[in-house]
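S.K.: Let me give you the structure first, and then I'll get to my questions.
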Amino acid sequence: MRKLNESVTIITGASSGIGAAAALKLAKAGSKIVLVSRSDDKIETVKQQIEQQGGSAEIYIADVTDIQQMKGMVEFTIQKFGRLDNLVNNAGLMLFSQWKDLAIDEWNAMIDTNVKGYLNAIAAVLPKLLEQKSGHILNMGSVAGINIGVGAGVYHGTKFFVRAITESLRKEVSVHRGIKISLISPGLINTGWADKVTNKEGAEIASELNKQAIESDDIANAVLFAFDQPANVNVSDIVVSPTSQNL
């Protein structure tokens with residue numbers, strides 16, 4: 001297992017929020033970063049910030065819902081840096097609505113990104129990690145995968161899914177194959193998610209919840225902690241939430 005300052009890390013959803021904060025934190029610790037995002041409107045700024053602090057980063061524009069683009073992401077990473085060590089599986093979508101609204105398009109969007117997107121990224125990187133018998137996959141979960149609230153049933157379902165596959169991966173490829181598997185479950189984080197909720201009642205719920213949110217950098221500290229451990233230590237499950245949040 002390579003030390004963090006000798007490693008190469010792919011981060012999906014890296015243009016803002018937790019992904020961007022984790023990229024900056026890991027780059028400062030010495031990892032070379034591949035920033036993955038669906039668009040390039042913000043991602044260049046993150047790359048510049050990493051380089052300004054002396055780090056190294058490359059940009060790969062891709063949609064996690066497309067398995068071929070995820071496979072291309074791995075090929076790009078190895079072409080640019082010669083190896084692949086870590087994945088921060090972070091690209092996600094959180095939308096609020098009541099069940100009675102039958103917001104099927106929003107349900108499908110969350111399933112495509114939060115379920116299929118996570119599986120696609122894992123499917124793309126896992127063969128390489130198994131081949132080299134080392135590496136680290138960190139899935140970004142949520143307290144929504146632990147407790148159920150109002151107005152986000154499908155989102156909760158996707159994050160329970162992430163929790164389940166992470167534990168399954170840990171038991172199969174961490175325990176038996178030496179590849180580290182981690183889950184970080186943030187509570188309310190101020191990533192701008194509340195502004196993206198289009199459903200009227202859902203937007204009201206989201207706005208009220210976001211008042212107690214903590215910052216993306218608080219989660220990035222946990223990401224760094226999980227990766228910056230000796231080879232014989234696997235951080236399998238971390239919950240980071242506002243002190244005032246009743247989980």
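Read the figures in this text as sums done on the coordinates, not as results from a lab. Keep in mind it's a predicted model, so treat the numbers as computed, not measured. Please note: Cβ atoms are built from the backbone with ideal geometry, for glycine as well, and neighbour counts cover all protein chains shown.
S.K.: Could you work out how far apart the two model spin labels at residue 239 and residue 28 are, taking each label as a point 7 Å from the Cα in the direction of the beta carbon, and quote it in nm?
M.R.: 2.8
S.K.: Taking H as built 1.01 Å from N, whose amide H comes closer than 5 Å to the amide H of residue 135, not counting residues under 5 places away?
M.R.: Result for residue 135 returns 180.
S.K.: Also, I was wondering about something else. How do 84, 35 line up, fewest other C-beta atoms within 10 Å first?
M.R.: Fewest-to-most ranking of 84, 35: 84, 35.
S.K.: Starting from the Cα of residue 5, step 7 Å toward the Cβ, then list every residue of region 47-70 with an amide N under 20 Å from that point.
M.R.: Those under the cut-off are 50-57.
S.K.: Please tell me the relative contact order of region 4-240 in percent, rounded to the nearest whole number, where contacts are Cα pairs under 8 Å and at least six residues apart.
M.R.: For region 4-240, the relative contact order is 20 percent.
S.K.: Using all Cα-Cα distances in region 103-194, what percent lands in each 5 angstrom bin from 0 up to the longest?
M.R.: 3, 13, 22, 23, 18, 11, 7, 3, 1
S.K.: How are the C-alpha pair distances of region 4-240 spread across 5 Å bins, as whole percents from the shortest bin up?
M.R.: With 5 Å bins starting at 0, P(r) equals 1, 7, 15, 19, 21, 17, 11, 6, 3, 1, 0.
S.K.: Moving on to the next point. Pick from 136, 156, 176: which is most flexible by mean-square fluctuation in a GNM of the chain where alpha carbon atoms under 10 Å apart are linked?
M.R.: Checking each option, the largest mean-square fluctuation is seen for 176.
S.K.: How high is the relative contact order of region 12-120, in percent, counting Cα pairs under 8 Å that sit 6 or more residues apart?
M.R.: 26
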